[in-house]
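Participant: Sending over a structure as structure tokens; questions will come in a sec.
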Amino acid sequence: MFSPFEYKRPETIEEVFELLNQNDNSQIVAGGTDLLVKLREAESSPDFLIDIKELDELKGIEQENNEIKIGALTTITEIKENKLIKDKLYALYQAASEFGCYEIRNRATIGGNVVHASPGAEYGVPLFALEAEVEVVGQNGIKRLPIEEFWYDVGRVKLDNELLKSIIINIDKNEKSSYHRLSRVEGMDLAVVNTALVKRSDNKYRSYFGTVARTPYQNKKIDAILSKENFNKKSFKKIQDIINESVSPRSSSLRASPEYKKRMVVSLLKKCLRDIGELGDDIDG
Amino acid sequence: MAKEIKTTINNKKYKIEVPPQMTLLELLREKLIMTGTKEGCGNGECGACTVLLNDKPVRSCIVLAHEIEGKEVITIEGLKETGDFKEIKEAFIAEDAVQCGFCTPGFVMAIKALLNRTKTPTDEEIKEALGGHLCRCTGYESIHKAVKRLVK
Amino acid sequence: MQNRHLSLKYIEGEFKMVDIPQAEKRIDLDKKISGEAQFIDDISFQGMLHALVLRSPHAHAEIVDINLDQALQVEGIEKIITGQDIKDEVINVDIGDHRPLAIDKVRFQGEPVAVVLSEDKWKAKKALNLIEVEYNPLKAVMNAREAIKEDRPLVHENQDQYDRHLNTNHHPGTNIFRHYKLRKGNVDQAFENADKIIENTYDYPQRSHTQMEPHGAIAKWTTDQEMVMYASTQSPFFVRTTIADMFNISDTNITVKAGYLGGGFGGKSDVSIEPLTAFIAKFVPNKYVKLKLDREEAFNASLIARGAEVNLKTAVTQEGKILGEKASLYFSSGAYGSTSVHIVTAAGHNSSGPYEIDNMEVDSYGVYTNTPPVGAFRGYGHPEVHWAKERQIHLIAKELDLNEHQVRLKNMLRPGSINALGQEIEEENGDLIGCYEKIKKKLDQIEIDKKPGKVYGKGIAAIMKSPVMPTNSAASATLRFNEEGTVDIACSGSEMGQGTKTAMKQIAAAGLKLPLEKIKIKEDISTDNSPYGWQTIGSTTTWKAGRAVMDAIEKAIDKLKENAELLLDIEKDKLEYQGEKIVSKDDENIYVKTEDICFGHLSENGLVTGEPVQTYGTYMPKGLTYTDPETGQGNAAAEWTFGAQGVVIEIDKETGELKLLNMMMAIDAGKVISPKMARGQIIGGMVQEMGGALTEELKYGKNGEMRNNSFTDYKIPTPLDLYDADLDVFFFETPEPIGPFGARGIAEHGTVGITPAFGNAISDALGIEMFELPLSREKIYLKMIEEGDLDV
Ligand SMILES: Cc1cc2nc3c(=O)[nH]c(=O)nc-3n(C[C@H](O)[C@H](O)[C@H](O)COP(=O)(O)OP(=O)(O)OC[C@H]3O[C@@H](n4cnc5c(N)ncnc54)[C@H](O)[C@@H]3O)c2cc1C
Ligand code: FES
Ligand code: FES
């Protein structure tokens, strides 16, 4: 049960800003799959919900030159069923396939996922690995910034009475990508840990690991090892050592211990490498 | 403040006063007394509250009632008139896919939505349709068999 | 040796083993598929008040002050009730340790502290948020291991002063509220004679039932002595008595009605939220009050399940013969003891597993902890002890370098064996060895299609189960022939998905030799006029209510024959009841139609011969006694059911992810009333317990707060965990003399041996031994890299 609030569904971005200015204690809602769940148990709630689902400017998946632009309101189902995404940004397709369940995917938006900025969010590690940029729209126009600047802490993004408009990915730079997550059951679950790997056109690798730090975690040393050819058992030993030394996941997590998380990001990295075709089924690499 | 919304539920047009904080599930169960849609968690986690919103299955416990303004909702009560319902029911009966029955309307809605998408779903599509639905009684075997019987 | 069948009379003669007619479908199926079946929350009344409960945020704390001033200012609030409003109302199921609301101290996070009543739930919520409670937090004890230590806090300071319905052997001045002792033979001698003593401790954490329907109840007091309640309960009569006791009024003044339950599994047996609902409704006479739990409350404010630490010390010979065993069982039973007293006992009775052990010493303790109270859960103490026992057997075999099957078969109970309670096992108790051999063979036959990066394992467990219930836990039934020759039957037993009412219809059709269409079973229960039934628990309904139905049938047939005798002028003994007609044994051409005499026979001139046929049937388990308080020996269990279970699993070496490939059970069901429903019960039980094996565990934070009270972090099996698995159920049918047509209880049994089957399969796959449930992916992986055969 929610505590009472007012509700508006504006049709233009301008209206959204008007409403935001008029009401101090207001909240944007997109698919509501994070926000409504949060409001349910909260003792108090915003006075005002601004539902942005009608804003067409925030919808759709398009390619413009070498960039794919995904509107913030694009649902996870739309991402999963989009051919362009599957062909060019496979990791985003994989993330959509793992995400929640069918009914949730029909409502949840990629923008909500990014703004919610939870450590294991499906669209954390793959967007970071793909060097995504975000478009933010405010009263003074649109600005564009790298995702790692936008999403700077657990549940924190750089928005100040602004909306996330879209997510932009350069497809020339990113040749292949893969995403894997580990969960506790096969059906609907959240990611216990997740990993994304991108092989860039310059043959360099970028890898990101989720839930081991406050935001998706990258370690340049690991990417350097991956970018050297011929990894073998020793490379993974080294990668594991780097992970062990450099991250200290929260020990109070209900979903996994720090030790397991640290191991698993490396296991998932192997799965990603296999997807990209750089590793056989031989477990040792 | 309650406001009036216009909507279509089970092919019938409604004009109803709805407070903004009311969920679609509350609207159905508490205001319209359509109690076939169940609340198992209120959190989007179990699937018991599944209804079709503009033909897509959603979890009505995390949809605001105001969001259905101008849209079409189909609930289990409205399914009876549709063709697939008879077949779904027969398949559930044949496989004894119901025990306590609390999860059943949610599963039936999910299966109906699946059949709306395709009459010949693959295993992957069946898994996608059912993956987020919980049943604590049947162990799922009978439900899976019922779906497979439907697509045979 | 006591003979459990001493005074049992099986219905002979008319009711030999017969084919049971199969229903095309369950009687409740159409309604449930179309969403028309009504569950508790689907019921509401004009002007009904919603009850919202303010719950303790602390696991253990003194209540210093409750301030309602602001909350009472909210318009539309009918009433706010706190522990201060309690006079002498006590919820006393077995131990009078529980009040409907906390008075001066809270004992678990989630315990009710105040209740707001309002017609508008949003207003109630507003008021609830304005109630101010000052607490003085106390140190909490979260499990039995801590709770039995010297310097532990006491959950109940004065448990001596509580009223008890039975001798629970509690330890005054400690947290132990129940101590069941079993002593058999000479254990010390056995340990001296042993070649080896193997000791291990096994942990089974607390779980949640997670019925998909959360608990709910609606109550209205019509006078200050009379109340009517609708509840999602497995035990309407038990709820009635408990509430009547609480208010010190007569049972007959209370009406409890129960319809469909959205799952029970034990978590809606005894009482949970019903006494609180009755208590708060009393403050607003003549108004309906609905209390329904949300999912979070269903987790932390109703009954929870399991929670046991089992230590086994087993004395064995080199050949694997078990000479003796010492078992210590510690149950983390939560803040109130009544609902787990008998679990502690049942576990004690069954800790031997299905083995004959001549020398035993079992101490089973129920221990207060600062968690929600533990109640019955499918399996009732048996899964806890089988987790230990069937892992122990596996480890004994490993330690002695023997084949585990040989060790099991060497020690298994068989006709002539004396079980732990001193009862003699007979042929008719079922074919344990047959079941076990069946599973072993099936497992051997399965050829695994192996994939790179994965390892595979097979695990097996044998099981035994007996119900524990009061010695006078009766069941009953009414039967009424209607004028047209159809039959209305009502009987005890709540319908919660197990198909009870459909099974009763089949039993009735078989007993009455009438087509199924002629029989109607009443589904809803009202304590005002439904036949009495103690509780719908312990997998006992099919045989107990079934026997009551058979009793009613026997009486009805007698009555029909009396009517026929009057009409045909042939002595009753010379008549044979054939269902649609009653025939002279001497001349089959002389008969009357049942439908012509079932309401008495009306002749053309209006004269009536005979009487309407309406009967009442009862069943009371016979010959049960309390066990001896010092030795635990006695005729405590009315039936035993045996079986075996197996699983085949795949484990990903990189992640520890475990995938189920096969799961199976062989069970001696006595007589399968409905193969489809019986299979559904076994499979449902196995999958439920698979959750306990792999993922389910209630987790508490530093201050004793439940941290995973939602499906987000309490993971139960999902469709995808089962989609690719092959499941098998094999039924054996050794008739049980006391069951209808030889049937035994089977509803819980699917749970009993699943956790050890998984544990043993993991051992088979990886050579690692697990002692703590759940066997999560994480635990498997970490143990595998720590000590597995693998080079990872
Ligand atoms: C049952 C269930 C399962 C789930 N499973 C997963 C899972 O597997 N993986 C996963 O990552 N997540 C999961 N989630 C979480 C959630 O669905 C996702 O984070 C989702 O992407 C959120 O999108 P939304 O549109 O629903 O966000 P909302 O709830 O509408 O919004 C989330 C936050 O973002 C803000 N916001 C949304 N859009 C914008 C915008 N365009 N501009 C500015 N602010 C905005 C809102 O104000 C709010 O604070 C699950 C949730 C549920 C209930
Ligand atoms: S009630 Fe909506 S998903 Fe559970
Ligand atoms: S049939 Fe009971 S939850 Fe599915």
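Participant: With 10 Å bins from zero, work out the P(r) of segment A:64-106 over every alpha carbon pair and list the percent per bin.
Facilitator: 30, 57, 12, 1
Participant: Using the Cα centre as the reference, give the magnitude of the dipole from point charges on the C-beta atoms of the protein assembly as shown (Lys, Arg: +1; Asp, Glu: -1; all else neutral), rounded to the nearest 20 debye.
Facilitator: 2040
Participant: So, one more: Can you flag which of C:LYS518/C:LYS559; B:LYS89/C:LYS513; A:LYS86/A:LYS262; C:LYS196/C:LYS389 are past 24 Å Cα-Cα?
Facilitator: Over 24 Å Cα-Cα: B:LYS89/C:LYS513; A:LYS86/A:LYS262.
Participant: Now, a different point. Give me the number: length gained by fully extending C:GLU604 to C:ASP713, i.e. 0.36 nm times residue separation minus the C-alpha to C-alpha distance, one decimal in nm.
Facilitator: Full extension from C:GLU604 to C:ASP713 adds 32.0 nm.
Participant: If R₀ is 30 angstrom, what is the calculated FRET efficiency for the pair A:GLU41 and C:GLU399, using the beta carbon separation as r and rounding to 0.05?
Facilitator: After rounding, the FRET efficiency stands at 0.05.
Participant: Do any GluC sites (Glu not before Pro) in segment C:42-124 lie in a loop, going by DSSP, with at most 11 other beta-carbon atoms within 10 Å of their beta carbon, and if so which?
Facilitator: Of the GluC sites (Glu not before Pro), the ones in loops of segment C:42-124 whose Cβ has at most 11 other Cβ atoms within 10 Å are C:GLU75.
Participant: Regarding the protein assembly as shown, what's the average projected area of the Cα-atom convex hull, expressed in nm²?
Facilitator: Seen from a random direction, the Cα hull of the protein assembly as shown projects 49.5 nm² on average.
Participant: Here's another thing I want to ask about it. Would you calculate, for chain C, the mean residue ellipticity at 222 nm contributed by helices, counting each DSSP H stretch of 4 or more residues as -39,500 (n - 2.57) and dividing by all residues, to the nearest 500?
Facilitator: Roughly -7500 deg cm²/dmol at 222 nm, from the helical runs in chain C.
Participant: Then there's this: Considering only segment B:3-75, what is the antiparallel percent among its DSSP beta bridges, to the nearest 5?
Facilitator: 90
Participant: What total accessible area, in Å², is buried where chains B and A meet, using a 1.4 Å probe and rounding to the nearest 100?
Facilitator: So the total buried area for this chain pair works out to about 2400 Å².
Participant: Under a 1.4 angstrom probe, counting protein chains only, how are A:LYS38, A:LYS176, A:LYS69 ranked by accessible area, largest first?
Facilitator: Result of the area sort, largest leading: A:LYS38, A:LYS176, A:LYS69.
Participant: If you average 1/r over all unlike Cα pairs in chain C and invert the result, what Kirkwood radius do you get in angstrom?
Facilitator: Evaluated over chain C, this radius sits at 27.7 Å.
Participant: Something else: A:ALA117: net charge of surrounding residues, Cβ under 11 Å, Lys/Arg +1, Asp/Glu -1, itself excluded?
Facilitator: Spelling it out: positives minus negatives among the neighbours equals +1.
Participant: Over what distance in Å are the Cα centres of segment C:512-585 and segment A:151-217 separated?
Facilitator: Answer, in whole Å: 68.
Participant: Report, in deg cm²/dmol and to the nearest 500, the calculated mean residue ellipticity at 222 nm for chain B, where each DSSP H run with n ≥ 4 adds -39500 (n - 2.57) and the sum is divided by the residue count.
Facilitator: -9500 deg cm²/dmol
Participant: To the nearest 20 debye, what charge dipole does segment A:6-51 have about its Cα centre, counting +1 at the Cβ of each Lys and Arg and -1 at the Cβ of each Asp and Glu?
Facilitator: Dipole about the Cα centre, nearest 20: 180 debye.
Participant: Something else: With labels modelled as points extended 7 Å from the Cα through the Cβ direction, what inter-label distance (nm, one decimal) is found for A:GLU18 paired with C:ASN186?
Facilitator: 9.6
Participant: Note down the accessible area of C:VAL93, probe 1.4 Å, to the nearest 10 Å².
Facilitator: Taking all protein chains as shown, C:VAL93 has close to 20 Å².
Participant: With a cap of 11 neighbouring Cβ atoms within 10 Å, and only residues DSSP puts in a loop, list the GluC sites (Glu not before Pro) found in segment C:384-489.
Facilitator: Those satisfying the criteria are C:GLU447, C:GLU483, C:GLU484.
Participant: Find which of C:THR541, A:PHE209, A:ASN230 sits farthest along the positive direction of the dipole of the protein assembly as shown, computed with +1 on the beta-carbon of Lys and Arg, -1 on that of Asp and Glu, about the Cα centre.
Facilitator: Going by the charge dipole, the pick is A:ASN230.
Participant: State the Cα centre-to-centre distance between segment C:719-787 and segment C:378-454 in whole Å.
Facilitator: 11
Participant: Also, quick follow-up: Tell me, what is the Rg over Rh of segment A:56-280, with Rh the Kirkwood radius over Cα pairs?
Facilitator: Taking Rh as the inverse mean 1/r over Cα pairs, Rg/Rh reads 0.95.
Participant: Let me ask another. Averaged per residue, what accessible surface does segment C:661-792 expose to a 1.4 Å probe, in Å²?
Facilitator: Per residue, segment C:661-792 has an accessible area of 26 Å².
Participant: Just the number please: accessible area per residue for segment C:560-660, 1.4 Å probe, all protein chains included, in Å².
Facilitator: Per residue, segment C:560-660 has an accessible area of 47 Å².
Participant: Related question: With each pseudo-label sitting 7 Å past Cα toward Cβ, what's the C:ASP88-C:ASP195 distance in nm, one decimal?
Facilitator: My value for the distance between the label points is 6.4 nm.
Participant: Related question: Give the ranking of C:LYS653, A:LYS237, C:LYS290 by solvent-accessible surface, highest area first, calculated with a 1.4 Å probe.
Facilitator: These residues rank, largest area first, as A:LYS237, C:LYS653, C:LYS290.
Participant: When the chain is fully extended, how far beyond the present Cα-Cα distance does C:GLN38 get from C:PHE283, taking 0.36 nm per residue of separation?
Facilitator: Gain in length upon complete extension: 85.4 nm.
Participant: Work out from phi, with θ = phi - 60° and the Karplus expression 6.51 cos²θ - 1.76 cosθ + 1.60, the ³J(HN,Hα) of each residue of segment C:662-676, listed in order in whole Hz, and give x for Gly and Pro.
Facilitator: Karplus-based 3J(HN,Hα) across segment C:662-676 equals 9, 9, 8, 8, 10, 9, 8, 8, x, 8, 8, 6, 9, x, 5 Hz.
Participant: So what does C:ASP188 come to for accessible area, using a 1.4 Å probe and Å² rounded to 10?
Facilitator: 90
Participant: Tell me, what ³J(HN,Hα) does each residue in segment C:602-610 have, in order and in whole Hz, if you take phi through Karplus 6.51 cos²θ - 1.76 cosθ + 1.60 with θ = phi - 60° and put x for Gly and Pro?
Facilitator: Once rounded to whole Hz, the list reads 9, 8, 4, 7, x, 6, 9, 10, x.
Participant: On to the next question. Assuming R0 = 56 Å, what is the FRET efficiency of C:GLU588 and A:GLU62, from their Cβ-Cβ distance, to the nearest 0.05?
Facilitator: Calculated value: 0.05.
Participant: Tell me the carbon and sulfur percent of the accessible area for segment B:79-151, rounded to whole percent, probe radius 1.4 Å.
Facilitator: 49
Participant: Pop out a list of residues from segment B:122-138 that are at least 40 Å² less accessible with all the protein chains around than in their chain alone; 1.4 Å probe, no ligands or nucleic acids counted.
Facilitator: B:LYS127, B:GLU128, B:GLY131, B:LEU134, B:ARG136, B:CYS137
Participant: Dipole magnitude of segment C:70-214 about its Cα centre, charges +1 at Lys/Arg Cβ and -1 at Asp/Glu Cβ only, in debye to the nearest 20?
Facilitator: 260
Participant: Using a 1.4 Å probe on protein heavy atoms, which residues of segment A:166-208 have at least 50 Å² less accessible area in the complex than alone?
Facilitator: The answer is A:ARG184, A:VAL185, A:GLU186, A:MET188 - residues whose exposure falls by at least 50 Å² when every protein chain is included.
Participant: Take chain A, connect every pair of alpha-carbon atoms lying under 10 Å apart with a spring to form a Gaussian network, then pick out the residue of A:LEU20, A:LEU164, A:LEU127 with the largest mean-square fluctuation.
Facilitator: Comparing A:LEU20, A:LEU164, A:LEU127 in a Gaussian network model of chain A, the most mobile one is A:LEU20.
Participant: What are the ³J(HN,Hα) values, in whole Hz, obtained from phi via the Karplus relation 6.51 cos²θ - 1.76 cosθ + 1.60 with θ = phi - 60°, for each residue of segment C:464-481 in sequence order, with x given for Gly and Pro?
Facilitator: Listing the rounded values in order: 9, 8, 9, x, 10, 7, x, 5, 10, 7, 8, 9, 8, 8, 10, 9, 9, 7 Hz.
Participant: Calculate the length of the line joining the C-alpha centroid of segment C:330-362 to that of segment C:65-91, in whole Å.
Facilitator: That distance is 40 Å.
Participant: Run the 1.4 Å probe and let me know the accessible area of C:THR618, rounded to the nearest 10 Å².
Facilitator: 70
Participant: Quantify, in whole percent, the carbon and sulfur part of the accessible surface of chain C (1.4 Å probe; protein heavy atoms only).
Facilitator: Answer for chain C is 44 percent, counting heavy atoms of protein chains only.
Participant: Is it possible to state the helix-based mean residue ellipticity at 222 nm for chain A, with each DSSP H run of 4+ residues giving -39500 (n - 2.57), the sum divided by total residues, to the nearest 500 deg cm²/dmol? What is it?
Facilitator: Computed mean residue ellipticity for chain A: -9500 deg cm²/dmol.
Participant: Same structure, new question: Kindly report the accessible area of segment A:89-135 per residue (heavy atoms of protein chains, probe 1.4 Å, no ligands, DNA or RNA), in Å².
Facilitator: Spelled out: the 1.4 Å probe surface of segment A:89-135, per residue, equals 18 Å².
Participant: Follow-up question, since we're still on this one. Assign one of three labels to segment A:6-51, namely rounded, prolate or oblate, based on the Cα gyration tensor with a ≥ b ≥ c the square roots of its eigenvalues; rounded applies when a/c is under 1.5, prolate when it is not and a/b is larger than b/c, and oblate otherwise.
Facilitator: Since a/c reaches 1.5 but b/c is at least a/b, the shape of segment A:6-51 is classed as oblate.
Participant: Give me the distance in nm between label points sitting 7 Å out from Cα along the Cα-to-Cβ direction at C:ASP488 and C:GLN445, one decimal.
Facilitator: Each label point lies 7 Å from its Cα, and together they span 4.9 nm.
Participant: Ordering C:ASP151, C:ASP203 by how much accessible area each has at a 1.4 Å probe, largest first, what is the list?
Facilitator: C:ASP151, C:ASP203
Participant: Which value, in square angstrom to the nearest 100, describes the accessible area buried between chains C and A on both sides, using a 1.4 angstrom probe?
Facilitator: That pair of chains buries around 3000 Å² in total.
Participant: How big is the Rg/Rh ratio for segment A:104-194, C-alpha atoms only, Rh by Kirkwood, two decimals?
Facilitator: Looking at segment A:104-194, the ratio lands at 0.99.
Participant: Gaussian network model of chain A, Cα springs within a sub-10 Å range: biggest mean-square fluctuation belongs to which of A:SER166, A:SER45, A:SER97?
Facilitator: A:SER45
Participant: In segment C:15-83, what trypsin sites (Lys or Arg not before Pro) fall in a loop by DSSP, with at most 11 other Cβ atoms inside 10 Å?
Facilitator: C:LYS16
Participant: Sticking with this one: Bin by bin, in steps of 5 Å, what percent of the Cα pairs in segment B:79-151 do you find, going until the bin that has the longest distance?
Facilitator: Here the calculated profile for segment B:79-151 is 3, 18, 33, 28, 16, 3.
Participant: How big is the B/C interface in buried accessible area, both sides summed, 1.4 Å probe, to the nearest 100 Å²?
Facilitator: Rounded to the nearest hundred, the buried surface is 4300 Å².
The values are calculated or read from the model by the stated rules, or taken from the named source; none is laboratory data. Predicted model, so just to flag it, every value in this text is computed and none were measured. Counting neighbours? That spans all protein chains shown, and the Cβs are built from the backbone with ideal geometry, glycine included. These accessible areas exclude ligands, DNA and RNA; they are computed on the full protein's heavy atoms, side chains included. Shrake-Rupley method; radii C 1.70, N 1.55, O 1.52, S 1.80 Å.
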